[in-house]
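Trainee: The structure is given below, and queries will be raised subsequently.
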Amino acid sequence: MPESGAARLERVFRDAGRPLFVPYVMGGYPDIDASRRHAQILAKHADIIELGIPFSDPLADGPTIQAAGQAALDSGTRPSDVLDIADDLRDGPPVVVMTYFNTVIAQGASEFLGAAAAKGVAGIIIPDLPVDEATEVREAAREAGVALIALAAPTTDDARMAEIGESAEGFVYLVAVTGVTGGEMTMDDRLRALVDRARRHIPVPVVVGFGVRTPDQAEQIGELADGVVIASEIIRRIGDAPDARAADAAVDDFGAGVADALRS
Amino acid sequence: MSVNMRFGPYGGRYVPETVIGALDELTEAYERYRDDPDYLSELGVLLGHYVGRPTPLYRARRLEQAWGIDEGLWFKREDLCHTGAHKINNALGQVLLAQRMGKQRIIAETGAGQHGVATATASALVGLGCRVYMGRTDMQRQRLNVIRMRMLGAEVHPVDAGSGTLKDATSEAIRDWVTNVDTTHYIIGSAVGPAPYPEIVADLQSVIGIESRAQMLEETGRLPGSVVACVGGGSNAIGIFRGFLDDADVALVGVEAGGEGPSGRHGASLAQGRPGVLHGSYSYLLQDPDGQVAEAHSVSAGLDYPGVGPEHSHLRDIGRVTYVNATDEAALSAFLECSRMEGLIPALETAHALAHVRDAASSLRAAGPVLVCLSGRGDKDVDQAGAALGIDASA
């Protein structure tokens, strides 16, 4: 019996002894090969890779990830193409895929999760599947050996934090801002209190994301939480690069910068 | 009384965690106020003196003759509601709820602009700020409603994503809500979205069915043989159907957008979609094999939506309602016939229901009188329908 995704993820947190860096790559943006390259470059710096499967109507995403997902779909990216990228990352850090619920149920949750597990995927984040709707998918995920990563938000009250904590596997993704991806978080007392509250109710590691843009912000979050996700900022840097080589270099530089900040 | 969260397997709350608290709050507020005498009396006064309810039941004698419906063709005149469609029934009910929840800001999505106008109107009435999300394509084809919303003091926010239609406007409204959930109430315009919205909207629109059932009995001494309504998200349809769900002998027919016809693009989620999740609920959905939501198409912006309300999905599966469709072309010709034979210019959405009544007249009349929800008037459509029908203002 291979090690479950949840166990692999939890082991990474345990072994690191420092906050983890979880960069996001949108599969298929700007095209499949480039996103595979970006994921492989980031794998040198990252502790976990979050790999996005594009969806046509991403409700939790701001303009940057929306546009990247649309570009990926426009160039013909399919879920199986993105899972193939995960397959190519088997020797690197564990991969957690991020996609929306309809992508998962379109082919059946068990089939989708089974296919993901076969490609070495350790976990899945489904931002439009709140804890009270997740029972069936969680069972299918356990069966497949893929951790269903729950999300918690600033608007999640204590009772719900505890409910999320009860069934949590791998880690919990704590949304830093009341809003969609791609905004800008500010490290203030409110965010400190939120992370503190999440950690009190949630027994697994807590990773913070949404609106984290700089190595400094990552470092500040690292002082409170078990890890930090950076997504839109990486996509923005890829989009701003004049050509593919510059995009690769931008991803490498940024990944190295954040990794250094979290190791210091 | 607790609020329905599911209709059979359909419905649910597939939304980001951030808004779950607000959905709980809305559910609690609705449970508390739906039977609250002050709320009901305030809403009742507005429906009577501001909207113009009860709306009349009208017998369309010339169309009845032309289409061969001897048993009678009756229109429930929601087109006479203030602002021109049934959408105001829901907008007022929800804005009064928003006030009671202490919200300072209203947002809405709109396709044809009727819900946007209704929400802008209700917001102006109670003095709340209002922003309406509208796809850029729809802003062009429903230009007059954009101007009306702006005159009413609402901010109309163009949405460029996707095809610039109702689906994209709804996604953007939900993102706004996720970001401003503490201060903002989102008034969804159709019987779609995460629970409790489909139940709230259906409940607020059920006045259409309750009134028309009583009116049919009063006017004809019997119930209609069939009730026909157009279905985009399905709010006017669920509103009128709710008056007749328990009357097993009354056939209920929902008419979706057939668009370009069998081989072309369309908006017929119930006929040609399969269940999936869009905008927070599990329901029939136009999608590709990977679950990517397909772009719908209809000449009418209000039916140009790849999803449908979850209660309709359930009513389809249990066979209580029959869902059919009417093409753009059929709707446009029915639009013109209704205008010229009854002096009623219907909304293009409504014209789909009329087209079905015309094209299926022989089977419908066998069941008895036909009741159509005349859900809205077509003032908003004169630019677009005129262009399609070759009617303009040239001297």
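Trainee: Restrict the check to the range B:231-252 and report whether at least one residue is within 14 Å of chain A (Cβ to nearest Cβ), farther than 18 Å from residue B:111 by Cα, under 17 Å from the mean Cα position of the chain (by Cα) and modelled with pLDDT of 95 or more.
Mentor: No - not one qualifying residue is present in the range B:231-252.
Trainee: Would you point out the residue of the range A:153-187, among those that are closer than 24 Å to residue A:110 by Cα and among the small types (Gly, Ala, Ser), that is farthest from the other protein chains (Cβ to nearest Cβ)?
Mentor: A:170
Trainee: For the range B:263-315, how many residues are in contact with a His (Cβ under 7 Å, 6 or more places away or on another chain) and facing chain A (nearest Cβ under 9 Å)?
Mentor: 0
Trainee: Collect the residues in the range B:1-53 that are within 14 Å of another protein chain (Cβ to nearest Cβ), in a loop (DSSP other than H, G, I, E, B) and within 23 Å of the chain's Cα centre (by Cα), keeping them in residue-number order.
Mentor: B:5, B:9, B:12, B:13, B:14, B:15, listed by residue number.
Trainee: OK, next. Could you tell me which of the residues B:128, B:166 is of a type in the set (A, V, I, L, M), within 15 Å of residue B:304 (Cα to Cα) and in contact with a strand residue (DSSP E or B) (Cβ under 7 Å, 6 or more places away or on another chain)?
Mentor: B:166
Trainee: Could I ask something else about it? Is it the case that residue A:166 is charged (D, E, K, R), within 28 Å of residue B:172 (Cα to Cα) and either more than 19 Å from the chain's Cα centre (by Cα) or at pLDDT below 95 (or both)?
Mentor: Answer is no for this residue.
Trainee: Further question on the same structure: Which residue pairs have Cβ atoms closer than 8 Å, lie 6 or more positions apart in sequence or on different chains, and pair a first residue in the range A:240-255 that is touching a residue at least 12 places away in the same chain (Cβ under 8 Å) and aliphatic (A, V, I, L, M) with a second residue that is loosely packed, with under 14 Cβ neighbours inside 10 Å and in a helix (DSSP H, G or I)?
Mentor: A:250/A:240
Trainee: Give A:170, A:179, A:165, A:183 a once-over and let me know the one that is more than 24 Å from residue A:14 (Cα to Cα) and surrounded by 20 or more Cβ atoms within 10 Å (Cβ to Cβ).
Mentor: Answer to the check: A:179.
Trainee: Based on this model, can you work out whether residue A:214 counts as without any contact (Cβ under 8 Å) to a residue 24 or more places away in the chain and of a type in the set (S, T, N, Q)?
Mentor: For residue A:214, the condition - without any contact (Cβ under 8 Å) to a residue 24 or more places away in the chain and of a type in the set (S, T, N, Q) - is met.
Trainee: Take residue B:122 and decide whether it is within 13 Å of another protein chain (Cβ to nearest Cβ), in contact with a helix residue (DSSP H, G or I) (Cβ under 8 Å, 6 or more places away or on another chain), buried (at least 24 other Cβ atoms within 10 Å of the Cβ) and among the small types (Gly, Ala, Ser).
Mentor: no
Trainee: Going by what's in this entry, would residue A:20 be described as touching an Asp or Glu at 6+ places or on another chain (Cβ under 6 Å) and crowded, with 17+ Cβ neighbours inside 10 Å?
Mentor: yes
Trainee: Look at residue B:61 and say whether it is under 30 Å from residue B:336 (Cα atoms), in contact with an Asp or Glu (Cβ under 9 Å, 6 or more places away or on another chain), at pLDDT 95 or above and loosely packed, with under 14 Cβ neighbours inside 10 Å.
Mentor: Yes: the conditions hold for residue B:61.
Trainee: At pLDDT 95 or above, more than 17 Å from the chain's Cα centre (by Cα) and within 14 Å of another protein chain (Cβ to nearest Cβ): is that true of residue A:144 in this structure?
Mentor: It is false that residue A:144 is at pLDDT 95 or above, more than 17 Å from the chain's Cα centre (by Cα) and within 14 Å of another protein chain (Cβ to nearest Cβ).
Trainee: Okay, moving on. Which fully enclosed helices (runs of 4 or more DSSP H) of the range B:285-395 have 1 or more residues being of a type in the set (Ser, Thr, Tyr), out of contact with any Gly (no Cβ under 7 Å at 6 or more places or on another chain) and under 14 Å from residue B:255 (Cα atoms)?
Mentor: Filter on the range B:285-395 gives B:310-317.
Trainee: On to the next question. Does residue B:217 fit the bill of being hydrophobic (A, V, I, L, M, F, W, C), free of Cβ contacts under 8 Å to residues at least 12 places away in the same chain and more than 14 Å from chain A (Cβ to nearest Cβ)?
Mentor: yes
Trainee: Something else about it: Condition (residue is within 26 Å of residue A:116 (Cα to Cα) and part of a helix (DSSP H, G or I)) applied to the range A:185-207: is it met by at least one residue?
Mentor: No, the range A:185-207 has no match at all.
Trainee: Sticking with this one: Which condition breaks for residue A:116 when tested against (1) within 13 Å of another protein chain (Cβ to nearest Cβ); (2) buried (at least 21 other Cβ atoms within 10 Å of the Cβ); (3) modelled with pLDDT of 95 or more?
Mentor: Against the list (1) within 13 Å of another protein chain (Cβ to nearest Cβ); (2) buried (at least 21 other Cβ atoms within 10 Å of the Cβ); (3) modelled with pLDDT of 95 or more, residue A:116 comes up short only on (1).
Trainee: How many residues are assigned to a helix (DSSP H, G or I) and over 26 Å from residue A:71 (Cα atoms) when one looks only at the range A:217-257?
Mentor: Counting residues in the range A:217-257 that are assigned to a helix (DSSP H, G or I) and over 26 Å from residue A:71 (Cα atoms) gives 8.
Trainee: Can you tell me which condition residue B:229 does not meet? The list is (1) assigned to a strand (DSSP E or B); (2) over 18 Å from residue B:79 (Cβ atoms), and all the others hold.
Mentor: (2)
Trainee: Could you name every one of the helices (runs of 4 or more DSSP H) located completely within the range B:129-212 that has at least 1 residues being within 13 Å of another protein chain (Cβ to nearest Cβ) and either in contact (Cβ under 8 Å) with a residue 24 or more places away in the chain or surrounded by fewer than 24 Cβ atoms within 10 Å (Cβ to Cβ) (or both)?
Mentor: B:166-180
Trainee: Shifting gears a bit: Looking at the range B:317-330 only, could you name the residues that are in contact (Cβ under 8 Å) with a residue 60 or more places away in the chain and of a type outside the set (Asp, Glu)?
Mentor: B:318, B:320, B:321, B:322, B:323, B:324, B:325, B:326, B:327, B:330
Trainee: Determine which member of the set A:121, A:137, A:131 is within 16 Å of the chain's Cα centre (by Cα) and either surrounded by fewer than 24 Cβ atoms within 10 Å (Cβ to Cβ) or away from chain B (no Cβ under 13 Å) (or both).
Mentor: Residue meeting the stated conditions: A:121.
Trainee: On to the next question. Suppose the filter is part of a helix (DSSP H, G or I), more than 17 Å from the chain's Cα centre (by Cα) and away from every other protein chain (no Cβ under 14 Å); does residue A:33 pass it?
Mentor: For residue A:33, the condition - part of a helix (DSSP H, G or I), more than 17 Å from the chain's Cα centre (by Cα) and away from every other protein chain (no Cβ under 14 Å) - is met.
The values are calculated or read from the model by the stated rules, or taken from the named source; none is laboratory data. Nothing here was measured: the structure is a model prediction, and the numbers come from that model. Positions of Cβ are generated from backbone atoms using ideal geometry, with glycine treated the same way; all protein chains shown enter the neighbour counts.
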